[in-house]
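**Student:** Sharing a structure, written as structure tokens. Questions coming.
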Amino acid sequence: MANVSRVTILVGAQWGDEGKGKWIDVLAERSDLVVRYQGGNNAGHTLYVKGQKVVLHQLPSGIFHPRQASALAAGVVINPAQLVAELTKVKAFDVRLTPERLWLSGRAHVITPWHIFLDEQRERSDRPIGTTKRGIGPTYADKASRCGLRLGHYVENETRQRWFQRMCDSQPEFSAAAAAQQDAWEAFNSAAEILRPFICDAEARIRGAARAGQQILLEGAQGTLLDLDHGTYPYVTSSSTGAGGACQSIGLSPKLIGQVIGIAKGYVTRVGAGPFPTELLDETGQLIAKKGSEFGATTGRPRRVGWLDAVALRYVVDVNGLDGIVLNKMDILTGLPEVKIAVAYRHPTHGTLTELPWDTEVLAACEPVYESLPGWSEEIPKSGSVEDLPAAARAFIAAIERHGGTRVLMVGTGPQRQDALYR
């Protein structure tokens, strides 16, 4: 019987961009295996290795620890050419990924130049939703329509060519797009031979590691509020970003999950369209965005900024069964005369709401009900204990715990691995 406490899921507790990459890197040091379970290269996990900034879009953030294995599971969608480029990028940090250290699921679906073309066309329409234009949504759509290309088939030349011909025969627009994307298709086809050695039944290996009692970290991308089923639809991503998505992607029994940790910021950000009740469209929002360098790691787009939303956080805690959260970027709030937490919403028709509404239009009409707390001007320590924080910062954390319904386990105080306060 596996030791269930040795499997941890780490999820985003807001609309993404919470700083998961750093904490996956930190927690990976104590792990035997790190598994990315959903999303694609629309994610950007930023971490610092040997003092240098590194942004990973597909490889799990644990690959910088030399003894760990890493895996991309069935729920991930993979851009082959970009994955090859990322393998080349990490070599500069003396990372040598062998088939024993990197497991690519043959079941994972492949992002093709066609999918990127479709995504770009959709975003140019009169109803864009603010995607990263990386082909993620169209790839998941083809997966659901049962006409997608899986990674294990992609690396076989004959199978890949049959898929290509079938698409040409069935969709005239495909042929026209392919003719205009010759360079992209050449890079796409060339990547197959490089990735072939890494293809395996990753899910079987992961389950075996769990049964053997290995320490496993399951890495989510984006955030719970962008979950296809449980997020602010339709302004969501195309996969299951929550803890339940990890079990489904891997084919792993929920009984094997020991703990679920959420990552949040001391404020909230959002990229692209969609309702955002606590959004700050004033000088305070601009100040937080500037101090926090709030630009997308994947697209470079500026992020929308708002006060921490405890209504949404409670929802995320319930959806995932969070055992606690890591609270990032507390240092960015230093110097503000007051800090705020949304503890409820006020709707013109429905009155006061204490639960996140499922209807996006209802949420868009909500105004936040805030609890205001004094800010702090004292410098926050980079490392040490949560108890070392200024009194006002500790009071802010206590209010988040009270209104958010979960414990703050750790506090992030900067981008480096060591920039952290612990309980």
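The values are calculated or read from the model by the stated rules, or taken from the named source; none is laboratory data. The model shown is predicted, which means the values in this text are computed figures rather than measured ones. Ideal geometry is used to build each Cβ from the backbone, glycine not excepted, and the neighbour counts take in all protein chains shown. When the accessible area is computed, the model is the full protein with side chains, heavy atoms only, and any ligands, DNA or RNA have been set aside. Shrake-Rupley method; radii C 1.70, N 1.55, O 1.52, S 1.80 Å.
**Student:** Residues that are at pLDDT below 95 and of a type in the set (V, I, T): does the stretch 269-277 have at least one?
**Tutor:** Yes, the stretch 269-277 has at least one match.
**Student:** Quickly run through the stretch 263-296 and pick out the residues that are in a loop (DSSP other than H, G, I, E, B) and buried (at least 19 other Cβ atoms within 10 Å of the Cβ). Talk me through it step by step, then tell me what you get.
**Tutor:** First pass over the stretch 263-296, keeping only residues in a loop (DSSP other than H, G, I, E, B): 266, 271-278, 280-282, 292-294, 296.
Within the stretch 263-296, G266, V271, G272, G274, F276, P277, T278, L280, G292, E294 qualify.
**Student:** Within the group T112, T98, T88, T139, which residue is under 18 Å from the mean Cα position of the chain (by Cα) and hydroxyl-bearing (S, T, Y)?
**Tutor:** Values: T112 fails: under 18 Å from the mean Cα position of the chain (by Cα); T98 fails: under 18 Å from the mean Cα position of the chain (by Cα); T88 fails: under 18 Å from the mean Cα position of the chain (by Cα).
Of the residues listed, the single one that is under 18 Å from the mean Cα position of the chain (by Cα) and hydroxyl-bearing (S, T, Y) is T139.
**Student:** Do any residues in the stretch 383-402 that are part of a strand (DSSP E or B) have Cβ atoms under 8 Å from those of residues that are buried (at least 18 other Cβ atoms within 10 Å of the Cβ), where the two are at least six apart or on different chains, and which pairs are they?
**Tutor:** Pairs that qualify, where the first residue is part of a strand (DSSP E or B) and the partner is buried (at least 18 other Cβ atoms within 10 Å of the Cβ), are S383/T413; S383/D419; S383/A420; S383/L421; G384/L421; S385/L421.
**Student:** In addition: Taking the stated definitions as given, is E371 part of a strand (DSSP E or B) and either among the charged types (D, E, K, R) or touching a residue at least 40 places away in the same chain (Cβ under 8 Å) (or both)? Steps first, please.
**Tutor:** Details: part of a strand (DSSP E or B): yes; either among the charged types (D, E, K, R) or touching a residue at least 40 places away in the same chain (Cβ under 8 Å) (or both): yes.
So E371 passes the test.
**Student:** Are there any pairs with C-beta distances below 7 angstrom linking a residue in the stretch 162-175 that is over 19 Å from R150 (Cα atoms) to a residue that is part of a helix (DSSP H, G or I), with the two at least 6 apart or on different chains, and if so which?
**Tutor:** Pairs that qualify, where the first residue is over 19 Å from R150 (Cα atoms) and the partner is part of a helix (DSSP H, G or I), are S175/C168.
**Student:** Of all residues in the stretch 305-336, count the ones that are touching a Phe, Trp or Tyr at 6+ places or on another chain (Cβ under 8 Å) and farther than 23 Å from G414 by Cβ.
**Tutor:** Of the residues in that region, 1 qualify.
**Student:** Working carefully through the options A176, A141, find the one that is more than 30 Å from R207 (Cα to Cα) and of a type in the set (A, V, I, L, M). Please lay out each step first, then the result.
**Tutor:** Numbers: A141 fails: more than 30 Å from R207 (Cα to Cα).
Exactly one residue qualifies, and that residue is A176.
**Student:** Show the residue pairs that are 6+ apart or on different chains and have beta-carbon atoms under 6 Å apart, the first residue being within the stretch 79-105 and loosely packed, with under 15 Cβ neighbours inside 10 Å, the second being assigned to a helix (DSSP H, G or I) and modelled with pLDDT of 95 or more.
**Tutor:** P99/P197; P99/F198
**Student:** Suppose we filter V386, V339 for residues that are within 26 Å of M410 (Cβ to Cβ), crowded, with 17+ Cβ neighbours inside 10 Å, touching a Lys or Arg at 6+ places or on another chain (Cβ under 7 Å) and of a type outside the set (D, E, K, R); which single one remains? Don't jump to the end; show me each part of the working.
**Tutor:** Working: V339 fails: touching a Lys or Arg at 6+ places or on another chain (Cβ under 7 Å).
When all the criteria are applied, what remains is V386.
**Student:** Go through L228, L256 for me and flag whichever is open to solvent by 50 Å² or more (accessible area, probe 1.4 Å) and either among the β-branched types (V, I, T) or over 16 Å from L72 (Cα atoms) (or both).
**Tutor:** Numbers: L256 fails: open to solvent by 50 Å² or more (accessible area, probe 1.4 Å).
Criteria check complete, one pass: L228.
**Student:** Quick check on the stretch 23-37. Is at least one of its residues open to solvent by less than 10 Å² (accessible area, probe 1.4 Å), in contact with a Ser or Thr (Cβ under 7 Å, 6 or more places away or on another chain), at pLDDT 95 or above and within 20 Å of T131 (Cα to Cα)?
**Tutor:** The answer is yes; a qualifying residue exists.
**Student:** Then there is this: Just to be sure I understand the filter: pairs with C-beta atoms under 9 Å, separated by 6 or more residues or on different chains, first member in the stretch 355-367 and of a type in the set (A, V, I, L, M, F, W, C), second member part of a helix (DSSP H, G or I) and open to solvent by less than 40 Å² (accessible area, probe 1.4 Å). Which pairs pass?
**Tutor:** Correct list of pairs: L356/L225; L356/V311; L356/A312; L356/V316; L356/L363; C366/V311.
**Student:** Could I ask something else about it? What is the residue count in the stretch 15-28 for residues that are part of a loop (DSSP other than H, G, I, E, B) and either touching a helix residue (DSSP H, G or I) at 6+ places or on another chain (Cβ under 6 Å) or farther than 19 Å from T413 by Cα (or both)? Spell out the reasoning first.
**Tutor:** Kept after step one, since they are part of a loop (DSSP other than H, G, I, E, B), are these residues of the stretch 15-28: 15-19.
After this cut, where a residue has to be either touching a helix residue (DSSP H, G or I) at 6+ places or on another chain (Cβ under 6 Å) or farther than 19 Å from T413 by Cα (or both) as well, the list is 15-16.
Residues flagged as part of a loop (DSSP other than H, G, I, E, B) and either touching a helix residue (DSSP H, G or I) at 6+ places or on another chain (Cβ under 6 Å) or farther than 19 Å from T413 by Cα (or both) within the stretch 15-28 amount to 2.
**Student:** If Y315 passes every condition in (1) touching a Ser or Thr at 6+ places or on another chain (Cβ under 7 Å); (2) within 22 Å of Y233 (Cα to Cα) but one, which one does it miss?
**Tutor:** So the condition that Y315 fails would be (1).
**Student:** Keeping to the stretch 200-225, report how many residues are in contact with a strand residue (DSSP E or B) (Cβ under 8 Å, 6 or more places away or on another chain) and open to solvent by 10 Å² or more (accessible area, probe 1.4 Å).
**Tutor:** Total meeting the criteria: 6.
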